[in-house]
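Down below is the structure, laid out as structure tokens.
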Amino acid sequence: MGCGRIGAELAHLLDAEGHKVTVIDVDSASFDELPPDFGGMAFLGDATDEEVLTKAGMEQADAFVAVTRDDERNAMAAQIAKQIFDVPRVLCRIYDPLREDFYGGLGLEAISPTRVFVRMLKERLEG
């Protein structure tokens, strides 16, 4: 879910490696981020809507990644994927580092790019 720079790049990388990829976004213009050779499916809709996820084929998904700019939508869609569709691997991006722990406590694998980048900077400074 989410076809901005990160979502489009991840979709392209997975598609190039031979994975079957479906990208879901609420804005059709966001699909312009996908390269011309993208072989996956671009699905217009709100991934917090169970009906949209069903139409997009979520029942067959091995993984789900939510990378929109909205922490709450990412967490909500991730919970739906995990708990309703029983997707084995679910990840969501959480901008606010304090929310990363909160969503982790709910059983979601949440990743805060802020924390990841700070750790990388610290390692470079120290090493």
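The values are calculated or read from the model by the stated rules, or taken from the named source; none is laboratory data. These numbers come from a predicted model, not from an experiment. So basically every Cβ, Gly included, is an ideal-geometry build from the backbone, and we count neighbours across all protein chains shown.
So here's what we get for this one:
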| item | result |
| --- | --- |
| Qualifying residue in the range 79-94 (condition: in contact (Cβ under 8 Å) with a residue 60 or more places away in the chain and either surrounded by 15 or more Cβ atoms within 10 Å (Cβ to Cβ) or closer than 20 Å to Gly107 by Cα (or both)) | yes |
| Selected residue (only one of Ala81, Ala77 is within 15 Å of Gly7 (Cα to Cα) and either basic (Lys, Arg) or at pLDDT 95 or above (or both)) | Ala77 |
| Flag if Phe38 is of a type in the set (A, V, I, L, M, F, W, C), in contact with a Cys (Cβ under 6 Å, 6 or more places away or on another chain) and over 20 Å from Gly107 (Cα atoms) | no |
| Answer from Thr48, Thr54 - the residue that is over 11 Å from the mean Cα position of the chain (by Cα) and crowded, with 21+ Cβ neighbours inside 10 Å | Thr48 |
| Hits in the range 95-116 - residues which are under 16 Å from Ala78 (Cα atoms) and among the hydrophobic types (A, V, I, L, M, F, W, C) | Phe102, Leu106, Leu108, Ala110, Ile111 |
| Answer from Arg89, Arg93 - the residue that is within 15 Å of the chain's Cα centre (by Cα) and closer than 12 Å to Gly2 by Cβ | Arg93 |
